[in-house]
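Below is one structure, written out as structure tokens, with a few remarks after it.
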Amino acid sequence: MITSTRNKVVASAAKLKKRGLREQYGKFLVEGAQATAEALAAGVVETVFHVKGSTGRVPEVVEAARGAGADVLEVSDSVMAHLTSAVTPQGLVAVARFVDVPVTELSAGEGLVPVLVAVRDPGNAGTILRSADAAGATGVVFTKDSVDVYNPKTVRASAGSLFHLPVVRDADVGELVSELKRGGMQVLAADPRAERTMYETDLSRPTALLLGNEAWGLRDDTRELADATIRVPIEGDAESLNLAAASALLLFEAARQRSGRGEDLAALIAASVHDLRLPLTAVKGFASTLVDRWDQFAEADRRELVNGMLLDLDRLNAMITLLVDTARLEQGPLTPPTESHDVGPTLEAIASVFDRSSDYPEVVLEGGGEARIQPSRLQALILALCEGAMWWGQSGPIEIEARTEGGHAVFDVARGGGGPEDPEAAFSAAEGSGGRITLHMARRVAEALGGTLTAEGGETTRFRLSLPA
């Protein structure tokens, strides 16, 4: 195990936190199991650093890295903290080669291409990249004055989408627009003052979408390069939306128009807002309490609050995963892995999520087996069922049983203290039906993977998920 930050390999990797040295070596850091797994699938990982005993997907990704021929090195917690820029390191960091492509590799005159012009916030940039991936964009462009796509915060916020679609960086916006127009694309500029809304604009055509700086938007000379300007309509009293939110709405409206089935997608996004807002509100409340009363709390109380924030963020990530997968179904089928995965580590990771806070029920695990599904997708599905079990079941632990039946992996998630009066209505997305939008999305994803998802009511809430093994 490497315990010194002065170790030659560790020191070389740590240099990649600086942009100039990333450019010099053509390499960057990838933090966390999800992003590292995607980088491994893209074949660009050279070295993986991990902390022994890390839970969740880390052990699985470490084994995958060994199988891919990457150098795998065990390091101490202090070395991991030295390598990562995250407040709470996930126990895994990889060194990967640059993946950007020249603009000539974008499909000329095809699809949807968001162009980030002077976008400076790495979190916004990564989130836009992720939304572009989910909406079926054919590529993403970063101009010269935008944040570095390999900034650790950008990579982390993209949640692996950096490795899913072509990314162009350091583009000159004038030259880029000329090139895209020659290829037959319309170029639209996002502008909150535009006369036309996104609903009044034909986005089914090949389109490049110029997205401006978080504070001042697009400069006049850049806006004039576009064929037209468009905006997201705001019906309430909010002055504006932040860049990442507005970009996501524009991208998914384009996906809706292209699919011809977008009314369902638009309704799904709208229905998801409430469930997404709940954990966000909880995290904001925890954070505000910590900031305002930090010195008044004992260390144990501060730890409890932070653990509560991490739990709610895990819940939020699961909801976003399901929303992204459901959006992908508008573009085509989901592709399950060709090989089965041991479900044990995923279920243990879920149990550890609930262990973080005494305000949540205990999770009791039983059984095991294998299933043909990505661990991150399985975790999102099971967490959705745990949400349902907590919504209706009011007493006792959440019991998760995994087993194999007739070539399928079967997962029962149950909790006592009540259940839905109409079990089938639990999966409805219609307002006022008594259903939960996360369960609706979970069922759609399960069925798209060749499985089923059912519910039982009565004295116990029970959900049964069946997936190909």
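Given that compact globular proteins tend to follow 2.2 N^0.38 Å, what is the ratio of the alpha-carbon Rg of segment 38-83 to that value? Kindly include the intermediate steps, with their values, before the conclusion.
Working: Rg = 10.5 Å, N = 46, 2.2 N^0.38 = 9.4 Å.
Output field value: 1.12.
Where a Cα-Cα gap under 20 Å defines reach, which aspartates and glutamates qualify for Lys144, not counting those fewer than 8 residues away within the same chain?
Glu23, Asp100, Glu105, Asp121, Asp170, Asp172, Glu175, Glu179, Glu214, Asp220, Asp221, Glu224
When a footprinting reagent is the concern and you count Cβ atoms within 10 Å, what order do Arg6, Arg315, Arg258 take, fewest first? Present the calculation step by step, with values, prior to reporting the outcome.
Working: Arg6 10, Arg315 25, Arg258 19.
So the residues, fewest neighbours to most, are Arg6, Arg258, Arg315.
Would segment 346-418 count as rounded, prolate or oblate if I go by the C-alpha gyration tensor, calling it rounded below 1.5 in a/c and otherwise prolate when a/b exceeds b/c, oblate otherwise?
prolate
Under the classification rounded if a/c is under 1.5, otherwise prolate if a/b is larger than b/c and oblate if not, where does segment 73-153 fall, given a ≥ b ≥ c as square roots of the Cα gyration tensor eigenvalues? Could the numbers behind the result be given before it?
On the way: a/c = 2.51, a/b = 2.17, b/c = 1.16.
Verdict is prolate for segment 73-153.
Quick one: compute a quarter of the convex hull surface over the Cα atoms of segment 8-97 and quote it in nm². If you can, show how the numbers build up before the last one.
On the way: hull surface 21.0 nm².
Mean projected area of the Cα convex hull: 5.3 nm².
Which percent of the Cα-Cα distances in segment 158-261 go past 16 Å? If you can, show how the numbers build up before the last one.
Numbers: 3309 of 5356 pairs.
Every Cα pair in segment 158-261 considered, those over 16 Å come to 62 percent.
Order by neighbour count: Asp191, Asp227, Asp202, Asp295, fewest other Cβ atoms within 10 Å first, most last. Intermediate results must be reported in sequence, preceding the final value.
Numbers: Asp191 18, Asp227 13, Asp202 10, Asp295 5.
Exposure proxy ranking, most exposed first: Asp295, Asp202, Asp227, Asp191.
Return a whole-number percent for the relative contact order of segment 8-97, with Cα pairs under 8 Å and 6 or more residues apart as the contact set.
Values: 135 pairs, mean separation 36.4, N = 90.
Contact order relative to length: 40 percent.
Where in segment 305-402 are there GluC sites (Glu not before Pro) that are in a DSSP coil and have at most 16 other Cβ atoms within 10 angstrom of their Cβ?
Values: sites: Glu330, Glu339, Glu348, Glu362, Glu366, Glu370, Glu387, Glu399, Glu401; in loops: Glu330, Glu339, Glu362.
Passing both the DSSP loop test and the Cβ count: Glu339, Glu362.
What residues have an amide H closer than 5 Å to that of Val364, excluding those fewer than 5 places away on the same chain, when H is modeled at 1.01 Å from N in the peptide plane?
Ile398, Glu399, Ile400
Using the Cα centre of the chain as the reference point, and only Cβ charges (+1 on K/R, -1 on D/E), how large is the resulting charge dipole? Debye, rounded to the nearest 20. Can you show the working numbers first?
Working: 46 positive and 65 negative charges, 274 e Å.
It works out to roughly 1320 debye.
Taking θ as phi - 60°, what are the ³J(HN,Hα) couplings along segment 354-361 by the Karplus curve (6.51, -1.76, 1.60), each to the nearest whole Hz, with x for Gly and Pro?
6, 5, 5, 9, 6, 7, 10, x
Give the relative contact order (percent, whole number) for segment 103-259; include only Cα pairs under 8 Å separated by 6+ residues. Working shown, then result.
Working: 312 pairs, mean separation 44.7, N = 157.
Taking the mean separation of contacting Cα pairs over the length of segment 103-259, I get 28 percent.
If you count the DSSP beta bridges with both ends in segment 366-469, what percent of them are antiparallel, to the nearest 5? Please list the in-between numbers first.
Numbers: 22 of 24 bridges.
Expressed as a percentage, antiparallel bridges in segment 366-469 total about 90.
For segment 281-385, which chymotrypsin sites (Phe, Trp or Tyr not before Pro) are both in a DSSP coil and crowded by at most 16 other Cβ atoms within 10 Å? Don't jump to the answer; show the numbers that get you there.
Working: sites: Phe286, Trp294, Phe297, Phe354; in loops: Phe297.
Those satisfying the criteria are Phe297.
I'd like the distance between the alpha-carbon centres of segment 12-66 and segment 187-239, rounded to an integer number of Å.
Between the Cα centre of segment 12-66 and that of segment 187-239, the gap is 36 Å.
Of all beta bridges DSSP finds with both residues in segment 103-259, what is the antiparallel percent, to the nearest 5? Display every interim value, and only then the final one.
Numbers: 1 of 19 bridges.
In segment 103-259, approximately 5 percent of DSSP beta bridges are antiparallel ones.
First check a/c for the chain, with a ≥ b ≥ c the square roots of the eigenvalues of its C-alpha gyration tensor; if it is under 1.5, answer rounded, and if not, answer prolate when a/b is larger than b/c or oblate otherwise.
Details: a/c = 1.61, a/b = 1.21, b/c = 1.33.
Verdict is oblate for the chain.
Which entries of Lys15/Lys181; Lys18/Lys181; Lys17/Lys52; Lys27/Lys181; Lys52/Lys153; Lys153/Lys181 have Cα-Cα distances beyond 28 Å here?
Lys15/Lys181; Lys18/Lys181; Lys27/Lys181; Lys153/Lys181
In percent, how large is the relative contact order of the chain, given Cα pairs closer than 8 Å and 6 or more residues apart? Each step should come with its number before you reach the end.
Numbers: 913 pairs, mean separation 50.0, N = 469.
Once divided by the residue count of the chain, the mean separation gives 11 percent.
Which percent, nearest 5, of DSSP beta bridges in the chain are antiparallel?
Numbers: 35 of 63 bridges.
Just about 55 percent of them are antiparallel.
Tell me what the chain gives for mean residue ellipticity at 222 nm when only DSSP H runs of n ≥ 4 count, each as -39,500 (n - 2.57), the sum divided by the residue total, rounded to 500 deg cm²/dmol. Please report the intermediate quantities before stating the final value.
Values: 15 runs with 197 residues, N = 469.
About -13500 deg cm²/dmol.
None of the figures in this text is laboratory data; all of them are computed from the coordinates on show. Keep in mind that what you see is a predicted model, and the values were worked out from it rather than measured. Here the Cβ is made from the backbone with ideal geometry for all residues, glycine too, and neighbour counts use every protein chain on show.
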